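To start, the structure under review is shown below, and the notes come after it.
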Amino acid sequence: MPRTRCYRGGALTDEDFPLEDVSEHLAEESSIVWIDLCAPDLGELQLVADELGLHKLAVEDAAHGHQRPKLDRYSGHDFLSAYAVHLDVASGQLTTDELAAFITPSALVTVRRDEAFSIDGLLSRWDDDVDLTTFGVGALLHGLLDFVVDGHFETVESLDDQIELLEDLLFDDRPHDQAVQRRSFELRKSLVQLRRVVLPMREVVNTLMRRDIGLVSDELMPYYQDVYDHVLRATEWTESLRDLVNTILETNLTIQGNRLNIITKKVTSWAAIIAVPTAITGFYGQNLPYPGFAHRTGLLTSSVLIVALSVALYVAFKRKDWL
């Protein structure tokens with residue numbers, strides 16, 4: 001069911017009224033209306049479009065979805081497209097919830113694709129800042145953008161925490177090559193998705209703050225500046241985390257190469273040590289006369305040579321840190 005609210009003079013006067021009563025509420029002086037549609041059909045969208053005079057291209061974008069974050073300007077209203085995000089810490093997968101909004105001088109219409117977007121959280125944000133609603137639709141739009149951008153920021157913080165855990169796993173004494181590679185790929189994929197959502201929001205908020213649009217009053221400008229600052233921080237943080245994940249992947253490959261070199265040195269050292277007794281016993285196993293042949297002195301001589309040369313090689317390799 002559509003959710004509706006009406007504010008008059010900054011105070012909430014009516015809630016959950018039918019869509020057919022939107023025009024009646026808008027006819028009242030100093031009133032603003034909020035309408036929320038969750039997975040609406042074309043009939044509901046067209047009803048709202050007829051009530052508010054929305055452009056058909058904006059209605060088509062809201063109905064079809066899958067838009068990039070943007071702000072389109074039409075005669076009499078603006079169209080906003082944005083995404084709320086959530087990170088599944090266990091799988092590292094990022095989920096996005098698309099939200100469209102029609103912005104008129106006296107009404108704000110939000111269109112959600114499904115129930116994943118927390119509309120109750122948005123209402124709580126508005127109810128916590130009831131003093132701002134006196135500034136009209138711009139205040140409702142600020143609450144919406146602030147709620148979405150805060151979700152972006154929280155997701156970036158969660159990704160940062162997961163990358164720190166990945167760094168600890170990378171330098172653990174026990175090798176975790178496969179786990180590091182898989183987790184790095186999952187986090188990098190989520191960061192790429194997050195960048196597509198966060199980066200265009202700079203242009204969206206910056207456009208809304210333009211004086212020629214007139215949507216943001218002077219009283220609301222500091223609040224939009226704060227949202228813009230959060231957008232910039234989330235964008236820069238996302239970019240730095242992408243570079244950090246790439247660095248972790250490269251470091252993991254370097255550690256694997258170093259570990260392989262150490263293993264190769266150890267195997268080579270032990271092979272050289274084992275070659276000594278093999279060579280000596282092979283020499284003394286010839287069917288030809290030699291000093292000590294068929295005597296106890298030959299056995300003692302060969303045994304002493306094996307032990308002495310093996311110990312000498314072991315000490316030499318140990319000093320070079322090959323063993």
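Taking the chain as the reference, fit the longest principal axis to its C-alpha atoms, fit the long axis of helix 221-284 to the helix C-alpha atoms, and give the angle between the two in degrees, 0 to 90, nearest 10. The answer is roughly 10 degrees.
Rounded to the nearest 20, the size of the Cβ-charge dipole of region 3-255 about its Cα centre is 1020 debye, with Lys and Arg at +1 and Asp and Glu at -1. Hydrodynamic analysis of region 122-216 uses the Kirkwood radius over alpha carbon pairs. Inserted into Stokes-Einstein at 25 °C and 0.890 mPa s, it gives a translational diffusion coefficient of 151 µm²/s. Of all lysines in the structure, the ones whose alpha carbon falls short of 27 Å from that of Lys265, not counting any fewer than 8 places away in one chain, are Lys318, Lys320. From largest to smallest, the equivalent ellipsoid semi-axes obtained for region 1-70 from the alpha-carbon gyration tensor read 24, 12, 12 Å. Listed by chain and number, the aspartates and glutamates whose C-alpha is less than 16 Å from the C-alpha of Lys56, apart from same-chain residues fewer than 8 away, are Asp41, Glu44, Asp72, Asp78. Looking at the chain, identify the longest residue range that excludes and avoids all GluC sites (Glu not before Pro) in DSSP loops having at most 10 other Cβ atoms within 10 Å. Result for the longest clean stretch: 116-323.
Residue by residue, region 171-185 carries 3J(HN,Hα) couplings of 9, 5, 5, 8, x, 10, 4, 5, 5, 5, 5, 5, 5, 5, 5 Hz when phi is fed to the Karplus relation 6.51 cos²θ - 1.76 cosθ + 1.60 (θ = phi - 60°); x denotes Gly or Pro. For region 165-200 and region 55-75, what is the separation of their C-alpha centers, rounded to whole Å? Value for the Cα centre distance between the two parts: 34 Å.
Scanning the chain for trypsin sites (Lys or Arg not before Pro) in DSSP loops with at most 14 neighbouring Cβ atoms within 10 Å leaves 1-209 as the longest stretch between them.
By the compact-protein rule of thumb, 2.2 N^0.38 Å, the alpha-carbon radius of gyration of region 124-282 corresponds to a ratio of 1.76. Helix 42-52 and the long axis of the chain differ in direction by around 50°, with both axes built from C-alpha atoms. As a proxy for reagent exposure, ranking Ser75, Ser106 by other Cβ atoms within 10 Å from fewest up yields Ser75, Ser106. Taking a sphere under 14 Å around the Cβ of Thr264 and counting the other residues whose Cβ falls inside, with K and R at +1 and D and E at -1, yields a net charge of +3.
For the chain, evaluate the Debye formula with one uniform point scatterer on each Cα (no solvent term) and list log10 I(q)/I(0) at q = 0.07, 0.09, 0.11 Å⁻¹, rounded to two decimals. Relative scattering, expressed as log10 I(q)/I(0), comes to -0.46, -0.60, -0.78. Give, to the nearest whole percent, the P(r) tail of region 50-145 beyond 21 angstrom, counting all Cα pairs. Roughly 38 percent, once rounded to a whole number.
Among the chymotrypsin sites (Phe, Trp or Tyr not before Pro) found in region 101-194, those both in a DSSP coil and sparsely packed, with 13 or fewer other Cβ atoms within 10 Å of their Cβ, are Phe171. Against the chain, whose longest principal axis is taken from its Cα atoms, helix 296-319 shows a tilt of about 30°. Taking every DSSP helix (H) stretch of at least 4 residues in the chain, weighting each as -39,500 (n - 2.57) and dividing the sum by the residue count yields a mean residue ellipticity at 222 nm of -20000 deg cm²/dmol.
Bear in mind that the values in this text are calculations on the coordinates, not laboratory data. Computed from a prediction, not measured in an experiment: that's the story for all the values here. As a convention, Cβ positions derive from the backbone with ideal geometry for all residues, glycine included, and neighbour counts pool all protein chains shown.
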